Every structure is written in C-alpha cells, then in structure tokens.
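Undergrad: My questions all concern the structure below.
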Amino acid sequence: MKERLQELKEEALAKAEQAETLSELQEIRVAYLGKKGPITEVLRGMGKLSKEERPVIGELANRVRESIADVLDTKKETLEAKQLEAKLEKETIDVTLPGRPVNVGGPHLLTSIVEEIEDLFIGMGFEVREGPEVETDYFNFEALNLPKGHPARDMQDSFYITEELLMRTHTSPVQARTMGKYDGKKPVKMICPGKVYRRDTDDATHSHQFTQVEGLYVDKNVQMSDLKGVLNRFAKQMFGEEREIRLRPSFFPFTEPSVEMDISCKVCNGEGCSVCKGTGWIEILGGGMVHPRVLEMAGYDPKEYTGFAFGMGPERIAMLKYGVDDIRHFYTNDIRFLKQYHKA
Amino acid sequence: MFVSLNWLKNYVDINHLPPDELAEKITKSGIEVEGIEYIADDSSNVVVGYVKQCEKHPNADKLNLCQVDVGEEDLQIICGAPNIKQGQKVAVAKPGAVLPGNFKIKKAKLRGVESRGMICSLQELGIEEKFVPKEFADGIFVFPENAEIGADASQLLNLDDAVLELGLTPNRSDALSMLGVAYETAAILDQPLQLPDESVEFTAELTEDYIDVRVEAPDLNPYYGAFVIKDIEVKPSPLWIRNYLIAAGIRPINNVVDITNYVLLEYGQPLHAFDYDQFGSKEIVVRRAYDNESIVTLDGQERELSAEHLVITNGQQPTALAGVMGGADAEVSESTTTVLLEAAYFSPVAVRKSSRDHGLRSESSTRYEKGIDPDRVKRAGIRACQLLSEYAGGKVLTGPVAFDQLDRSEAKVEITTSNINDRLGTAITDQEIAGILRRLNFHFEEKNSGFVVSIPTRRGDITIFEDMVEEVARIYGYDNLPYTLPQGASQAGGLTDRQTLKREVKHYMEGAGLMEAITYSLTSKERAEMLTSPEISEKAAGSIRLSMPMSEEHSNLRLSILPELLASLSYNLARKQPNLAYYEMGTVFVSTVGENVTKQPQEVLRLAAAVTGDWLAYPWQQEKKQVDFFVVKGIAEGLFDKLGVHVEYKQAKLDGMHPGRTAQLLSNGTSIGFIGQIHPTVQNDFDLKDTYVFDIDLEKLLETIHVEPSFSKIPRYPSISRDIALMVEEGLHAGDIKKTIEAAGGPLVKDVQVFDVYQGEHLPAGRKSIAFNLLYLDPEKTLKDEEVESSYQEILSAVKEAHGAELRG
Ligand SMILES: [Zn+2]
C-alpha cells in the first residue's frame, strides 16, 4: 500500500507539473483528491490492515494528500498569475494618444500682478483697503491738496458725472477715507488697489480705464529714508535682486518732498536701449512724504505724525515684466493673450 | 521747455560736461530731461563762402554756375536755388562734408559741368522747416554781410548745439526761462552764475510825455510797465538771436518781435510790442472787457469778449487780450518806427480764463498761467530795451511809466538741521545745509541753531518747511539718502475676510475652468442697461451717464458686467477662438435716480460668467460636449456649495435671455442673480453662437457668509440610500418635487439628488419619470429599516398629493 501511495503521489505531481490550464489542474485535483479518487480508495481498503499498520498508512495517505494539494495550490497561483499577465497584455493601449483635456482657467495678468504686489506689502505689515470707483470731488481732489482751480488738476483730466461726482482718477481717495476713519490717532499702513479712470484716448500707451495700487504709511517719526527702504525692498522682490533703483525728485500735490522711482533697465542692463529711451532707467512709481495739508485735512497733526505714500500702475509693471507692448491687451481679453501668462 | 546748451553757456560754465551727462544730473535733481536733440550730428566742412560770380549754367536754364570764395580756395559750384545772387555770403558744404540724413557731399558733374560742393539752405543743414525765417524758406540761406569768408558756418549757425527738452512738473515753472535753468544748473554743478547785463542808456525824453498808464483791475494786473523806444529800424535780428530762437523752437520774424521772444525765453517774462503810432491814443487802460465787446487778434480772428477777460485798451478799444495775444490794429510791422513795449504782471486766473475761452495757448499765456517771477517783470523790460537799442537802433525814452502794486516780498521759511535730518533720516551737517543754500542762491540768516531762508520770488513753489526739505534733499542727492525700514510698532498685515473670500471665489472659478476677464466699466448706454439682474433693475432707474463722455461707446456706467463680457467673447470668436469660458468679478453702479444722480451710487460687487462653444472636445474617443445650461449651472452650484449658500432656481423670463432656458437665483426668497442662455437675437447682435451665462450678486453673498470654517463631524454611523422613481406630468419641475421630498422626508433625509430623467417609450404621453436618490443618516445611532421605510412612505404620499406623482414600477 505504501508503494501504491508513493506511486500515486509521483503520478499526481508529474501531471500537475505538466498542467497548463486551471481546468486541467482542477481535473487533477478531482482525479487524485476527490471522493472517488485513488487515495480515498486506498484509505477505504485500510480495513484489511493490521492495527499497527493502520495509523502508519493513514498518516502517510494524509501526507501524500497534503503534498499533492500544496503542489496543486502553488501551481494554481502560478497559472493564475500567468493568465492575468496574458489578459493584461491584451489590454495594452497606445499611451501616445492624447489625454482627455481638463478645462483650465486662470487669473487675468493684472490680477496676478496686483495680488503679487498685495502679498509683498502684506509681508511688510500693510493691510489692503478698497474704496468706491465713483468718488466725490472732495476725496478725489480736495482732501489731497488739490483745491478747485488748482492747475495740477490739469494733469489728470477726469470723467465727471456731476460737478461733485467723478470716476476716481487715482486710488488715493481710499487713503484719505481710511485716515479719516482713524480719527487722527492710529497709525495707518495700507495699500489700496483698484480701477481708475482718466480722460485719455485709448492707444498703445493710454487707457481710459486702468489699475493703480497706492500705498500709505502714517505714524510718528516716519522718515524719507523709510520710504526709500520700503520701495527698495518692494522693487527688488518684484523685479529681481539684481535690479538697481534710484529716486528722483518730482512733484505731486499730495506729497512733499516727492519722488519718482526708476529701476535699471532689464533689457540693456542700464546701458541704454530703445525700451528705456537710452537712459538705462525705467520709471515705475511715484511717491513722497505725505503733504502736511493732506494729513491735516484727514485729522492728523502734521507736527506729531508724518508719513509716506506711493502709487504705481500694474499695467506698466506687467508691460515691463512681461514685455506687453500695448496697454489695450489688458482689456480686450484675447484668450491667446490671457493664456500665455499662466505658464510662468 | 527747450534749452539750447550754447545759450545756457552764457550764464553758467558747463563746458566740462558732455550733454548727456549734464542731462542725467539735471534729471536726478528733479527736472526730467526727456530728450537731447543735436541740431546736426556732424557739421564740419561747412563754411562761409562769398559768391564772386553767378551766371546761368550753359546747359540748364534753372541752374546757376557760381564761383565761390571759401577762404583758402575758390570752388565752382552749381546751385539751383532761385535766390542765389552774386555778392552773397552763403553756407557752403565742401566736398567731404556730411549733411543731416547722412548726405555726403562729393565732387560731381551736373549736365556736363563740374560742381565742387553745395550751397545750402537751412533745411539742408538740419534746421526744421517751420523754424526757418520766411525770407529763406524757399531757397538758400544768406549770411549778413559782416560774416567772415571761410569761417566755420556750423558755429555761426549754431549747428554744433545740443538742445535739452525739459519735462517740467507744474511746480517748476521757474525753469520756463533760461535764467531759471541757469540757476538750477549752477546749483546742481556748484558753479557760479553769470547774469545778463541789464543796463540801458536812456535818452533825455520822458516816456510819460508819450504815454499814460491806468489799471482799472489791479487784482488781475498789479504791475503794468510801458516803455517807449523811438527810431526803431525793423530788420532781421542778429544771427545769434535767430539761432537761439530756432534752437528753442521759435521761428525768427524780425528784430523787434525776435527780441521780445528772446527776452521771454531768457527771463520767462512775456513782453508785448505795440506800434506806438498805430496805438490810437496816448493812454493805456487795462480793464475787464465789456460784454459784447470784441477784438480782432493778430491771427486775424474776431473774438467775442466778456467781463471775465482782461484787455489792454487805448482808452476806447481793446488793443490786446492781456497776456494772451495782441490786437491786429497796433501790430508791429516793417514800417514801425516807435515801439510801445509792455512788461506786465497778469494774474494766472485772468490769463487762464482768456486762453481757455478763446482756445489760444502761447508761450506767453503758458507762463502767465503758471505764474511768473514778480521780480523780473521790469528787469525784463529793461533788458529788451537794451537789446532794441543795440540791435534795432532804438532810442529808449527815460522810463518806464508804470502802474505798480506788485508784491515782490520774499517768503521766509525756517529750517533747522535736526528737523531736516528727522524728516529725511539723514545726518547732514549745518555746514552742508548752508552750502546747499548758497548753491541755490537762497539768502539766509542763521538763527537759533537754524536757518531763516528767504525764498527768492522766482521760486514761488517754495512756501513751507516741507518744500525746503525737498530743496535740501534734492541738492544733497536723493541717492545719498540711507535705506531704512519703518521703526513704528509692527502690525500684522493681511487680507480682510472679505478680501480672502474674493480671492477664493476667483480661485474656484479658475479651478472650474474659467478664465478671468477684465472689461471696461464705462460702456454705451445700451450695453450699460442690458442684461441686468432683477435685483439690480428693481433698484436702478437706468444707468449713470458721464457729463462729458469722450465717446458714446464709453458714456455710461455699467449695471451689468455681462454685455462687455459678451463683447469679449465676440472679439475672440472673430479671431477663430470658438470655445470660451470667461468670468469677471467687478462692480456695477446702481443709482435709484438713474442719470439724476447727486450722491455716490451704490457699488455692487458682482460675479459674471459667460461660456460658449465646446465644453469638452475629445474627438478620438467620440466624446464631445457643447456648453449647455447645466454646465454653467454646475459651476454655479459648486460655488454656492463652497460658500455654503442655499440657492433656489426659479424658471424666469428676463429681457435678453432665452425664455425657456433661464432661471432666477433666489436665496432665502430674495433675488441674487440669474442664469441661463442668452436670447438668440441678442446672441446674433453680438455675433455669438449659443452662450450660457450667470450673473451673481456677490456683494450679498459675501455679506451672509461666515469665514470661520465650520467643521462638521465625519458621521460614525452608516447611511442608507434609497432610490425613488416618480412619474409626473412633463411640465413639472424636478426642483419643486425635490422640495416636497425634503419637506416630507423628515430630518433623517440628508440629501436628495436627481439621477435620472426619462421621457418617451414605456411612458404614457405627456408624462415623464424623474428618479431621485435619497440619503438617510442619523448622526446619533444606526438607522433602523422601519424608520427609513416610514419616511419613504411619507414622501410617497406627499409627492402624490402635491404633484400627482406616481411611483414608477
Ligand atoms: Zn534699456
């Protein structure tokens, strides 16, 4: 009987070895391990055996069973893996075909610039303030030291609605409004971005609507060197550490002393080219120390408080930074224009 | 202001600096040099030549064959100019000369005859046509007889000059004169200043015997000085005066006119010369014009006057519009022999009014409008008399006769070194400040560890301490200020909740596949009032109009963002970009009284979207989806979800929108916008294909939202999902049924979603099936089947009662 069992085992293992499909394997399993299989048959004939032989043969039969089952299980796993492999092979796709497109939107270039400016100044402790686009003559001009009939009002011909109402020509009125709210007591450290309007005929460099970001810092002991330090930090972060800045005296009715800030031309590295009109410098913003009359009108005592203010045009900055050559691009919303600034 | 550097050299030494370096220094000190113009790039080899002989060219009628003595040699030159004559002294470009436009002069043969060089017109030498004196406009230039043969013509004609174009800020009208620029340059370069000679020899005759001055409007005319100069010979001015005028952009006329212009430029003081014999009386009366009075000005125009205009009269008629333009009657002409010269101070207000009303802007009016130096009024008159006596043979009568109430006092501004340093953040010393004041030619007294500075009248822009801070800083050099950062208590900067939310809404829209657009707020009246949302049209009585629009295209303030956004789509469509998804966030301007607005309108922040074309195009997998209502609705829903706002969609008919594909958006029963397809007629007007839009009152949404992220727990107990398919009449709205389900289902129903809508086969005509998925959840315990079942039954009976809905088997 021992020999018979040994024979059966070898027979079964050899068949399992040769099996190529799961169904063949199943047939082998049924043939050798099934209720009608030869091992069961062997066990059934155990009655004829002696008491001593019975457990020995019984154990052997079980071991044979187990080892056949083990081999069949292992073989099954191998075959299954192969089968899966073959199936997956058939599922091969052309990975070079295009993917399903995702609709990608993005911010307008001006928004990106404005948010970048906002974030730079927020980093220096400024808050962001907004105000109305239709302003009163008082806040747009008078509170900024531009009384009626002041010749500097010529500088910014405006869209009036009534004698007292106009489309704001700058975002400075937001500064006057904010200072007014603080009642002459609290320090003010703010920037105000927004749309502004001037009576200009639209062309490559003029737009009747454009964007401005102005900033204001009022506190005790604010010095002009602080203005220089803050603007320098801004310019280097915005335009790159390698850019040089310079301040020039200028004139604005709401600041005294006033400055204009230039950065060294990126195109020619200060050598002089057509972009910088040969000067090597490009003007990017104006500012100055807040005029005492402006402080006074907003309720601040100019003997106690001083401050600085500045203003810049995001369109101009975008034009310089990205080489945009026509300001009208910002308002025609040509998809080809808007999209190209999302790659940076 | 155009500044000839050759002219400037008369007052201050700038010889050591090339023009571009000087320009940079001036710019950095506060007056921007906007350009440098070199009159001729290379003007060597142009000399004065004497035309010894001039005869007709043997082979050409219109050409002349000239023998010209140019000093070392005689040149045979062929010249076609009509005004060439034997005996003239002319400008000769010798072979080798290079004229403007890179025109090289070479030996040549003209119709068989040799020509060595060219006799030049001023235009050929680089002078702009409009500045060329009339007598030389159509031919060659002729030097005065005393010009030296062989002399360098480029020097005589000032061709070696460089002209700076100054861009003056409104406060620096002092630099509208050569003297002003000289003071500025001397301060910047720390150089001494050489002022012009203002001495004149008067004759024994008295001006007062010839003319009387009466000013009836001293507020507008505090000084009027009248000079009389006899025996004038009107002729061309000397070459140097003509050269300087040309460099400054003024065409030379004759010596009298040129000298008044020259002094205008030199002193910044407008002067006016009348022909004394044509003046019409021996009396000057300055007064406000009468209503219905008129004057014919030098340009031949008749001009209506009113009491707002100041006029110079001869006691009867106006002879000049004060500070703006003279009258034709007393104009200086070739035959003038006695000149009546006006040197006056007119107030900016008076001149601005006249100049605007009559559309006359001149070198004079510009200067009066900006304010002239009271100290130079009379001095400029004297200077002109001196030049008239020297270059027009004039005899200056003892004078002037003047009306004088002019305030020439100097303002005093006190500064201290420590105040200046406090403001600038510098450590400038007393000595340095004193040095800067000296460079500026400001007189000062040292007092109480400070300076009392007398501000010269030429610098009317300096009135307060801060103005002096700027003066000191700019001469000290803005470059030399240190860099510091504010010392004040540091505050944390940041965005407000509203600003953060606005950014988040933008990011959501961009994540949803929309591109941000920015359009104009000013648009046509029609567009401003189109496609307005119900909650806007309800409040606004029409759009606000500008009082003086530049064009009807940008005349009114928008009430809706959509029309200009549609125009942007259209712009792109015309450029073969058919698939577009845009949004814009911006304000609209609501006036409850429309055009009759008197107060600031309400500015309402809105969010608009416009989408057209393919939403998805994936051709090789045959997937393609055109934008439809539900694409834009999905975007809107996602936004409302993000903001945690519950919004209802109510079928609506709105102007400009598709009548069957439009919904009004309601939140808590109030309108917050609309969504739908643009009406095909409107689409046509904009040249658009099917376009879907929404327009949302972001202002209202942001008001109602709390920023604190409300965290709700992840449920611990399992939810149960049930489907319910209902058959209803085809006109019924899924949203209404959904509302009934939510109301009837009780608190355990957490979500109700439509997952199928069907109409057609297997259903009776006029009926449709809507299938909902219901999500049940009890956050406190595991749900029992009976609870769900009883809610389900409630729902069934409720929808049957409310909508006649039957369960679809
Ligand atoms: Zn450059």
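The values are calculated or read from the model by the stated rules, or taken from the named source; none is laboratory data. Computed from a predicted structure; not experimentally measured. Neighbour counts run over all protein chains shown; Cβ positions are idealised from the backbone, glycine included. In case anyone asks, the SASA skips ligands and DNA or RNA and just uses the protein heavy atoms, side chains included. Shrake-Rupley method; radii C 1.70, N 1.55, O 1.52, S 1.80 Å.
Undergrad: Report, ordered by chain and residue number, the lysines lying within cross-link reach of A:Lys15, taken as a straight Cα distance under 22 Å and ignoring same-chain residues fewer than 8 apart.
TA: A:Lys2, A:Lys35, A:Lys36, A:Lys75, A:Lys76, A:Lys82
Undergrad: Right, here's the next one. Excluding residues fewer than 8 places away in the same chain, name every one of the lysines whose C-alpha is closer than 16 Å to that of B:Lys104.
TA: B:Lys94
Undergrad: Would you list, by chain and number, the aspartates and glutamates whose Cα falls below 12 Å from the Cα of A:Lys189, excluding same-chain residues fewer than 8 positions away?
TA: Counting by Cα, and skipping residues close in sequence, A:Lys189 has these aspartates and glutamates nearby: A:Glu127, A:Glu214, A:Asp219.
Undergrad: Treating the angle as unsigned and between 0 and 90°, give the value, to the nearest 10°, between the Cα long axis of helix B:377-391 and the longest Cα principal axis of chain B.
TA: The helix B:377-391 is inclined about 50 degrees to chain B.
Undergrad: Find how many whole Å separate the alpha carbon centroid of segment A:300-344 from the alpha carbon centroid of segment B:205-236.
TA: 55 Å
Undergrad: Output the residues of segment B:581-599 meeting this criterion: accessible area (heavy atoms, 1.4 Å probe) in the chain alone minus accessible area with all protein chains in place is 30 Å² or greater.
TA: SASA drop of 30 Å² or more in segment B:581-599: B:Tyr582, B:Val597.
Undergrad: With every protein chain kept in place and ligands, DNA and RNA left out, what is the accessible area per residue of chain A? Probe 1.4 Å, answer in Å². Could the numbers behind the result be given before it?
TA: Details: 16290 Å² over 344 residues.
Accessible surface, normalised per residue, equals 47 Å².
Undergrad: List the residues of segment B:609-633 whose accessible area drops by at least 20 Å² when all protein chains are present, compared with their chain alone, using a 1.4 Å probe and counting only protein heavy atoms.
TA: Checking the loss per residue gives B:Trp615, B:Leu616, B:Tyr618, B:Trp620, B:Glu623.
Undergrad: Might you tell me the accessible area per residue for segment B:36-109, computed with a 1.4 Å probe and given in Å²?
TA: That works out to 54 Å² for each residue.
Undergrad: Positive end of the dipole of segment B:720-807, charges at C-beta (+1 Lys, Arg; -1 Asp, Glu), about the Cα centre: which of B:Leu732, B:Phe755, B:Ala798 has its Cα farthest in that direction?
TA: The one lying farthest along the dipole's positive direction is B:Leu732.
Undergrad: Pairs of alpha-carbon atoms within less than 8 angstrom and 6+ residues apart define the contacts here; what relative contact order does segment B:156-238 have, in percent?
TA: Normalised by residue count, the contact order of segment B:156-238 is 13 percent.
Undergrad: Give me the distance in nm between label points sitting 7 Å out from Cα along the Cα-to-Cβ direction at B:Glu24 and A:Lys186, one decimal.
TA: So the two model labels end up 4.7 nm from each other.
Undergrad: While we're on this one: Find how many whole Å separate the alpha carbon centroid of segment A:279-295 from the alpha carbon centroid of segment B:348-402.
TA: One Cα centre to the other: 34 Å.
Undergrad: Shape of segment B:350-414 from its Cα gyration tensor (a ≥ b ≥ c, root eigenvalues): rounded if a/c is under 1.5, otherwise prolate when a/b > b/c, or oblate? Before the final figure, lay out the partial values.
TA: On the way: a/c = 2.29, a/b = 1.25, b/c = 1.83.
In terms of gyration-tensor shape, oblate.
Undergrad: Now, a different point. Leaving out ligands, DNA and RNA, and with a 1.4 Å probe, what % of the accessible surface on segment A:109-341 is carbon or sulfur? Can you show the working numbers first?
TA: Details: 3880 of 8130 Å².
Exposed carbon and sulfur together represent 48 percent of the surface.
Undergrad: Additional query: Could you work out how far helix B:629-643 tilts from the main Cα principal axis of chain B, as a 0 to 90 degree angle to the nearest 10?
TA: Tilt of helix B:629-643: around 90 degrees.
Undergrad: Please report the buried accessible area for the interface of A with B, total over both chains, probe 1.4 Å, in Å² to the nearest 100.
TA: 7500 Å²
Undergrad: Please work out the C-alpha center-to-center distance from segment B:450-485 to segment B:734-809 and express it in whole Å.
TA: Here the answer is 80 Å between Cα centres.
Undergrad: Taking each residue of A:329-337 in turn, how many C-beta atoms of other protein chains fall within 10 Å of its C-beta, and what is the average?
TA: 6
Undergrad: Compute the accessible area of each residue in segment B:153-184 twice, once for its chain alone and once with every protein chain present, using a 1.4 Å probe on heavy atoms, and list those whose area falls by at least 30 Å².
TA: Listed in order, they are B:Thr169, B:Pro170, B:Asn171.
Undergrad: Using a probe of 1.4 angstrom, how much of the accessible area of segment B:516-583 is carbon and sulfur, in percent? Numbers along the way, then the final one.
TA: Working: 1230 of 2430 Å².
Looking at segment B:516-583 in its full context, I get 51 percent from C and S.
Undergrad: Additional query: Averaged across the residues of B:562-575, what count of C-beta atoms belonging to other chains lies within 10 Å of each residue's C-beta?
TA: 2
Undergrad: Send over the per residue convex hull volume for segment B:497-704, Cα only, as a whole number of Å³.
TA: Measuring per residue, one finds 126 Å³ for the Cα hull of segment B:497-704.
Undergrad: Which value in Å is the Kirkwood Rh of chain B over different Cα pairs?
TA: Kirkwood radius, chain B: 35.0 Å.
Undergrad: Quick one: which of A:Lys277/B:Lys28; B:Lys506/B:Lys738; B:Lys378/B:Lys412; A:Lys186/B:Lys506; A:Lys186/B:Lys447 span more than 26 angstrom between C-alpha atoms?
TA: Long pairs (Cα-Cα over 26 Å): B:Lys506/B:Lys738; A:Lys186/B:Lys506; A:Lys186/B:Lys447.
Undergrad: What would the Debye equation give as log₁₀ I(q)/I(0) for the protein assembly as shown at q = 0.04, 0.07 Å⁻¹, counting only Cα atoms as equal point scatterers?
TA: For the protein assembly as shown at q = 0.04, 0.07 Å⁻¹, log10 I(q)/I(0) is -0.39, -0.88.
Undergrad: From the square roots a ≥ b ≥ c of the eigenvalues of the alpha-carbon gyration tensor of segment A:252-344, which class results: rounded (a/c under 1.5), prolate (a/b over b/c), or oblate?
TA: Working: a/c = 3.60, a/b = 1.80, b/c = 2.00.
Verdict is oblate for segment A:252-344.
Undergrad: Would you mind giving the mean number of other chain beta-carbons within 10 Å of the Cβ of each residue in B:505-518, as a whole number?
TA: 5
Undergrad: Going by alpha carbons, how many degrees (0 to 90, nearest 10) lie between the helix axis of B:348-357 and the longest principal axis of chain B?
TA: For B:348-357 against chain B, the angle is about 70 degrees.
Undergrad: Now for a different question. For segment B:44-156, which whole-number percentage of the solvent-accessible area (1.4 Å probe, protein heavy atoms only) is attributable to carbon and sulfur atoms?
TA: Reported share for carbon and sulfur atoms: 46 percent.
Undergrad: Heavy-atom accessible area per residue, segment B:367-449, 1.4 Å probe: how many Å²?
TA: Details: 3890 Å² over 83 residues.
So segment B:367-449 comes to 47 Å² accessible per residue, rounded to a whole number.
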